[in-house]
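Below: the structure, in structure tokens.
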Amino acid sequence: MRGLALAFVLGFLSCTGFAQNSPLSSEEIKAILRHGPWPALWSPDPSNRVSGKVLCATCHAPFRAWQDARPRAVGLAEVERNTMNVLNVRYMRWFGWDGAGDSLWAQSIRPILDAREMGGRVAQTAALVRCDAGVVAALGKALAAFQETLVTGRTPFDDFRDALARGDAQAQKDYPEPALRGLRIFVGKGNCSLCHAGPAFSNSEFHDTGVPFFVAGGGVDPGRHAGIKKLLANQFNLLGRHSDDRGGKSAVRTRHVALEHRNFGEFKTPGLRNVALTALYMHNGSLGALADVVRHYSELSADRLHSDGEVLLLRPLRLSAQESADLVAFLESLTEKKASRPRRGPRRPASNDGRLRACAAGGPAAAGRAARDPLRAGARFFARC
Ligand code: HEC
Ligand code: HEC
């Protein structure tokens, strides 16, 4: 029966010549256009978010290596700093360009409370999850548990490094020559490894590398100097009651932080894994390409550096064109081979137990959800709140 009906319709269409040449009428065009454009406009559900407008993933977009490809972040208003990606954050000791966060969970609460980023306030946010600051901390902890799973995959550099460790000369040959020459500058005369240290290529400490700290409108970004003040004033720091490890090892660093004049204009050493995917560079997004970063280190002005600190670590390298290209080739070799999406690390980081307890102590409904499956809760919060 259906076959018959179809045959009838097809017959009708071919009899009338409808499908072929007759030009579309303006009515038809209008009707067709109404089926697009795609993706269609959409506005977020205001009942569903802290600010109704901005999500973690607005700035930390998974498909853009967990950042936003803008010089400076734009949430509810523009902020002065470049969005850091949230890859490999579990290896960091301090968070934010200025280290105002001493734990990943404290750092994850910050944008929710920053009027320019997501615009909430502790009270509002707490009301949202129907409880108190303990629940805000639990939210941060779930977000942190999720972000701890964001680990970049292996790179050509890792294959080379492991071949070197095994003494496998044959496998070492797969690493491109220019990258190897660049690597030798990185660990040699460039002194880059001094700060971009260890497997994550960051010492998680703060330095002034001569990047200007003036911001639009004439102010300055004091970097670490202001970061320390914010850290010590923050009720969510590791010395506060929301930490699960107040007397333990993690609080020691925060207890010993001291404000010094040299902290002015210092920013955190970013990790360099997947760096080829995370342009723009530096805390203010002022450098567009890796070649520009290499030129920055090549032409540094020593007068601009702190006389008691970086001037001893950094000096203008005056690299030749070949050396600069080699250093860029090395930096590119720190990027995953198939990397638009970072691989996920282990499902349940070992450090989660304390967080679970805190969630449970923090507040009923949200904590219950987060405690049952903190990673899922964190992933949901990240994409939705
Ligand atoms: C408006 C854009 C924006 C939004 C929204 C945003 N971030 Fe960020 N994120 C940034 C910027 C900018 C920085 C650098 C902050 C600084 O130094 O002051 C950053 C830094 C971070 C860091 C520190 C990374 C490191 O290596 O130190 C973490 C972690 C982080 N964000 C997590 C989150 C989470 C979780 C959310 C959602 C609750 C979120 N962010 C929402 C822009 C944003
Ligand atoms: C004294 C410590 C130090 C040394 C030495 C150093 N860096 Fe850096 N690097 C930093 C800091 C701090 C930043 C962030 C500076 C800022 O934003 O103001 C940075 C930023 C970068 C960035 C940008 C990353 C991003 O995500 O924005 C790259 C790439 C980089 N460095 C590569 C190198 C190379 C290559 C060398 C060697 C020629 C080197 N660095 C030497 C501390 C250092």
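None of the figures in this text is laboratory data; all of them are computed from the coordinates on show. Quantities reported herein were computed from a predicted structural model and do not represent experimental measurements. Please note: Cβ atoms are built from the backbone with ideal geometry, for glycine as well, and neighbour counts cover all protein chains shown.
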Query raised in the report: Can you give the FRET efficiency for HIS256 and ALA216, using 1/(1 + (r/R0)^6), R0 = 45 Å, r = Cβ-Cβ distance, to the nearest 0.05?
Result: 0.85
**Report entry** Net charge, LYS189 excluded, C-beta distance under 14 Å - Lys, Arg +1, Asp, Glu -1
**Finding:** +2
**Report entry** Gain in span if fully extended, GLU28 to LYS249, counting 0.36 nm per residue against the direct Cα distance
**Finding:** 72.5 nm
Query raised in the report: Simple spin-label model, 7 Å along Cα-to-Cβ: PHE63 to HIS35 in nm?
Result: 2.2 nm
Report task. Please list the non-local residues whose amide H lies under 5 Å from the amide H of GLN67, H modeled 1.01 Å from N, same-chain partners needing a gap of 5 or more. Result -> ALA61
Report summary line: Simple spin-label estimate for ALA302/ARG154, 7 Å along Cα→Cβ, in nm, reads 4.3 nm
Query - Where labels lie 7 Å past Cα in the beta-carbon direction, separation of ALA325 and TYR91 in nm - result: 2.9 nm
Report summary line: Computed ³J(HN,Hα) along segment 141-148: with the Karplus parameters 6.51/-1.76/1.60, θ = phi - 60°, integer Hz and x for glycine or proline, the list is 5, 5, 4, 5, 4, 5, 5, 5
